[in-house]
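One structure is given here, and the rest of the page talks about it.
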Amino acid sequence: MTQYDDFEQSLASIGEEADNPYQRLFGLKFNPFPQVPVVTTAPTFCYNQIELKENILQYIRNTIAGQKAAIILKGEIGDGKTHLLRYFENIITEKLSEIVKDGFRTGIGFFVDDPGNGMQDIFRKFMEWQKREFWDILGCDILKHRLNAPEHVVLYLRGAKSRLLEEEIKEVKSELPEWVQIYESYLYQQTMNWNIAKAFAGLINNLDEDYQFRQMLCWNFLTAGKISATDARKLGFSTNQIADIEIVDYFAGVLNIIGTMYRGIFIFIDELENVTQMHRTTKHKTYIGFTKLLNVMPQNVMLTFGCDTEAVEWIKNEDIALARRFTGELLIHGAQNEQNAREYLTKYLAQARPDAETGDELSPFTEESFRVLYDTLRTLPLGLSTGEFLKYCGRALEQALKENKSEIDVEIIQQITSF
């Protein structure tokens, strides 16, 4: 018998056990408190956050109807702004992109995790958020639905040569250069920028032997913002790099291209407070970039910023022109007071109860253990945040499970909060 036999036997028996320890001890189907938010799971809304959700949905409806918006979602650190932004981006891309009406897909989402070093980084992250395949499909959809390109041309560009007859392939090779030129001209009409038009046309053109290298150069130009001067001349670009002063024009041009197939474009930029920590010159350029982007972006774009509450006031004071262009501010309330914390706790517990009618109870927490947990976490250096509160609720549940207790008492709270 090896030293691992007991472990292996215990491991094998797990799948045979009908007993759910969460059900047995706490009357819960699972531990409902996430250590890390899951973007595919809707955030739990409390108090004004139900109104917050409705406000965001109304902005989404308005954007699809052709009214652009620039929104600040503000709240304290750890109160769930990132989770909310990621969730809405995910659900928009998953659900709205599949709904087609009047030849348009309903919506597409993009997420930028932070502003980086300014508009160049924001544009790069925006371009890279959707996989390369998205941009290829977008180009083929434009050719098919806006330019009426033949099916065999679209299939060839999509890399589906195996679905074509030999005669059709010969026909494509003779027609493709003209269709790429038509596509390039169409993109120029949407963007008034030949570099963008040539770069996007180069992404889908797969006719010659060097097409993969050319596609890589075009992608590097659109994301990294720079290629060699020699390569730029080969591609017919007027420049080998996208200058800072031009980046917003490129951004707006790409949004126009997306808008030819999508009724709503939803961009979620997180950690806007990081802009306030930039070098003075970079910060000033970023403020100007945002202001210009809000001026020139198409009417079917919704730009949502996640930002720390205090930093919002800093930005308002530092750049009045930018502040005036915000359509609205939405506040996400976390567990900053006992009433909010109690509602978060009971709502998360309700998600895991087989019987929803018991969702207003604190069990397996006691009134005393809840108060001790709340009072202890309030003393944290950064204050009490929703994320920290939920994390420790989950730890308390796991500790009680470990000790085979059906009730989370004060002793368990003291164990998990012994900082």
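Throughout, read-outs are computed from the coordinates displayed, never taken from laboratory work. What you see is a predicted model, and the numbers here were worked out from it, not measured in a lab. All Cβ positions, glycine included, derive from the backbone under ideal geometry; neighbour counts span all protein chains shown.
Details
- Each residue, Thr40 and Glu361, gets one label point 7 Å from its Cα in the Cβ direction; the gap between the two is 3.2 nm.
- Here's the list of lysines a cross-link from Lys170 could span, going by alpha-carbon distance under 21 Å and ignoring same-chain residues fewer than 8 apart: Lys144, Lys161.
- Seen from all directions on average, the stretch 33-94 presents a Cα convex hull projection of 4.7 nm².
- Counted residue by residue at 0.36 nm each, then reduced by the alpha carbon distance between them, the extension gain from Ala243 to Asp102 reaches 47.0 nm.
- The charge dipole of the stretch 48-331, taken about its Cα centre with unit charges on the Cβ atoms of Lys, Arg (+1), Asp and Glu (-1) only, comes to about 440 debye.
- Taking 7 Å steps out from each Cα toward its Cβ at Leu331 and Glu166 produces label points 7.4 nm apart.
- Note on the stretch 289-366: the C-alpha convex hull projects to 8.3 nm² when averaged across all orientations.
- The calculated FRET efficiency for the pair Glu407 and Ile77, based on their C-beta separation and a Förster distance of 45 Å, comes to about 0.90.
- Bridging of Lys285 to aspartates and glutamates at a Cα separation below 13 Å is possible for Asp121, Asp244, Glu246, Glu318, Asp319, once same-chain residues fewer than 8 apart are set aside.
- Contact order, relative form, for the stretch 340-407: 30 percent (alpha carbon pairs under 8 Å, 6 or more residues apart, mean separation divided by residue count).
- In the chain, the longest principal axis of the Cα atoms and the axis of helix 386-402 are about 50 degrees apart.
- Per-residue HN-Hα couplings for the stretch 138-151 [Karplus 6.51, -1.76, 1.60; θ = phi - 60°; Hz; x = Gly/Pro]: 4, x, 5, 5, 5, 4, 6, 9, 9, 10, 6, 5, x, 4
- For the chain, the longest principal axis of the alpha carbon atoms and the long axis of helix 309-318 meet at an angle near 40°.
- Toward the positive end of the charge dipole of the chain, with +1 on the Cβ of Lys and Arg and -1 on the Cβ of Asp and Glu, the farthest Cα among Gly236, Leu331, Leu349 is that of Gly236.
- Rel. contact order, % - alpha carbon contacts under 8 angstrom, at least six apart, the chain: 27 percent
- Within the chain, the proportion of C-alpha pairs whose separation exceeds 41 Å stands at 33%.
- Angle of helix 247-259 to the longest C-alpha principal axis of the chain, folded into 0 to 90 degrees and rounded to 10: 90°.
- Integer Hz, Karplus 6.51/-1.76/1.60 couplings in order for the stretch 56-67, x for Gly and Pro: 5, 4, 5, 4, 4, 4, 4, 5, 4, 7, x, 10
- Förster-model FRET efficiency, 56 Å R0, Gln415 and Arg61, C-beta, rounded to 0.05: 0.70
- The distance from the alpha carbon centre of the stretch 330-399 to that of the stretch 43-95 is 23 Å, rounded to a whole number.
- Each peptide among 263-275, 28-40, 241-253 gets the average number of other Cβ atoms lying within 10 Å of its residues, and from highest to lowest they stand as 263-275, 241-253, 28-40.
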